[in-house]
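Peer 1: Pasting in a structure now, in structure tokens, and then I'll have a few things to ask.
The values are calculated or read from the model by the stated rules, or taken from the named source; none is laboratory data. Since we're looking at a predicted model, the values are computed, not measured. Heads up, the Cβs are rebuilt from the backbone with ideal geometry, glycines too, and the neighbour counts pull from every protein chain shown. Surface accessibility is based on the protein's heavy atoms, side chains included, excluding ligands, DNA and RNA. Shrake-Rupley method; radii C 1.70, N 1.55, O 1.52, S 1.80 Å.
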Amino acid sequence: GTTWRHVLGGDGMDCAVDPTNANTSYASYQYGNFRRSLNGGLSFTNITPSGQSGAWVTPIAIDPINTNTIYIGYASLYRSFDRGNTWSVLAANICGGDEIEYLKIAPSNNNIIYAGNTSGIYRSVDGGQTFTSITTGISGGAITDVAISSSNPDHIWVTLSGYTQGTRIFRSYNGGSNYIIVSGTLPDIPVNCAIYQPASNDLVYIGTDFGVFYRDNAMPDWLPFNNNLP
């Protein structure tokens, strides 16, 4: 529309909208305090798992197959089958007891989940029951995000913060068993986030301290994507 409406206080952290029902949305404020709306954001209900506190920006993910199922990453991974009414704990202390800072479910296979924080990235192939580190081969900065191909759950891009030359983006074709560096001529600045465009030629957008860049398989390097952005 043409107007904005303030729906939740705090600093304003991660959020999500049900892709099958725009009236169902989730919003949060710092340390993993989550709220759910069933009426398009007119009102919100507290769905925070009892006693839980997470990272400054605690991640939420909606299951791509069954959108009534949602996940929140605290120190342990929490799952709800009923949009946050009840919760159960899956894998505990994925990041060695530290909070999870990013959480992604493979669009083509909801049994494959990637989660982690600045120190490490982890992969589950059993719907979040167990996780294995796939950090080996990544170096040069703090890990900030992971993007997953919409058609291949083993095809991922991992972004890094920091200023180490040439190590901004790592790409894996086998679920993190091996990586190649695909930073190209990106400036040596923090890359904060990444998103994969479905049904594309592996088109990935990244958000950096200098703005947005994009690249697909037909392009030899990253290009700026900043027209009309502030």
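Peer 1: Report, ordered by the first and then the second residue, all pairs with beta carbons closer than 6 Å, sequence separation of six or more or different chains, a first member in the stretch 136-159 that is among the acidic types (Asp, Glu), and a second member that is surrounded by 19 or more Cβ atoms within 10 Å (Cβ to Cβ) and in a loop (DSSP other than H, G, I, E, B).
Peer 2: Asp154/Gly175
Peer 1: Looking at the structure I just gave you, is Phe213 among the hydrophobic types (A, V, I, L, M, F, W, C), at pLDDT 95 or above, part of a strand (DSSP E or B) and open to solvent by 20 Å² or more (accessible area, probe 1.4 Å)?
Peer 2: yes
Peer 1: Quickly run through the stretch 12-29 and pick out the residues that are open to solvent by 40 Å² or more (accessible area, probe 1.4 Å), closer than 15 Å to Tyr71 by Cα and either of a type in the set (A, V, I, L, M) or modelled with pLDDT under 95 (or both).
Peer 2: The answer is Val17, and nothing else.
Peer 1: Right, something else. Ile112 fails exactly one of the following numbered conditions: (1) farther than 24 Å from Asn66 by Cβ; (2) open to solvent by 10 Å² or more (accessible area, probe 1.4 Å). What is the number of that condition?
Peer 2: All conditions pass for Ile112, except number (1).
Peer 1: Return the residue satisfying two criteria in turn: it lies in the stretch 73-102 and is hydrophobic (A, V, I, L, M, F, W, C) and more than 18 Å from Val57 (Cα to Cα), and of such residues it is surrounded by the most Cβ atoms within 10 Å (Cβ to Cβ).
Peer 2: Filtering first and then ranking leaves Ala91.
Peer 1: Any residue at all in the stretch 82-89 that is assigned to a loop (DSSP other than H, G, I, E, B), β-branched (Val, Ile, Thr) and in contact (Cβ under 8 Å) with a residue 24 or more places away in the chain?
Peer 2: Step one: of the stretch 82-89, the residues assigned to a loop (DSSP other than H, G, I, E, B) are 82-87.
Restricting the remaining residues to those that are β-branched (Val, Ile, Thr) gives 86.
Filter once more, so that each one left must be in contact (Cβ under 8 Å) with a residue 24 or more places away in the chain: none.
The answer is no; no qualifying residue exists.
Peer 1: State which residue is least open to solvent (accessible area, probe 1.4 Å) when the search covers only the stretch 30-47 and only residues that are closer than 14 Å to Gly73 by Cα and not in a loop (DSSP other than H, G, I, E, B).
Peer 2: Among those that are closer than 14 Å to Gly73 by Cα and not in a loop (DSSP other than H, G, I, E, B), it is Phe34.
Peer 1: May I ask you to say which residue of Ser200, Ser149, Ser133, Ser177 is modelled with pLDDT of 95 or more, surrounded by 16 or more Cβ atoms within 10 Å (Cβ to Cβ) and out of contact with any helix residue (DSSP H, G or I) (no Cβ under 9 Å at 6 or more places or on another chain)?
Peer 2: The conditions single out Ser149.
Peer 1: List the pairs whose first member sits in the stretch 1-26 and is closer than 16 Å to Arg83 by Cα, whose second member is basic (Lys, Arg), and whose Cβ atoms are under 6 Å apart, counting only residues at least 6 apart or on separate chains?
Peer 2: Tyr26/Arg36
Peer 1: Test Tyr122 against the stated conditions and say whether it is touching a Ser or Thr at 6+ places or on another chain (Cβ under 7 Å), crowded, with 18+ Cβ neighbours inside 10 Å, modelled with pLDDT of 95 or more and within 23 Å of Ile65 (Cβ to Cβ).
Peer 2: Yes; evaluated as a whole, the condition is true for this residue.
Peer 1: Considering each of Ser183, Ser172 in turn, give the residue that is in contact with a Gly (Cβ under 6 Å, 6 or more places away or on another chain), modelled with pLDDT of 95 or more and open to solvent by less than 50 Å² (accessible area, probe 1.4 Å).
Peer 2: Ser183
Peer 1: Do any residues in the stretch 189-208 that are in a loop (DSSP other than H, G, I, E, B) have Cβ atoms under 6 Å from those of residues that are of a type in the set (Gly, Ala, Ser) and surrounded by fewer than 16 Cβ atoms within 10 Å (Cβ to Cβ), where the two are at least six apart or on different chains, and which pairs are they?
Peer 2: Asn201/Ala218
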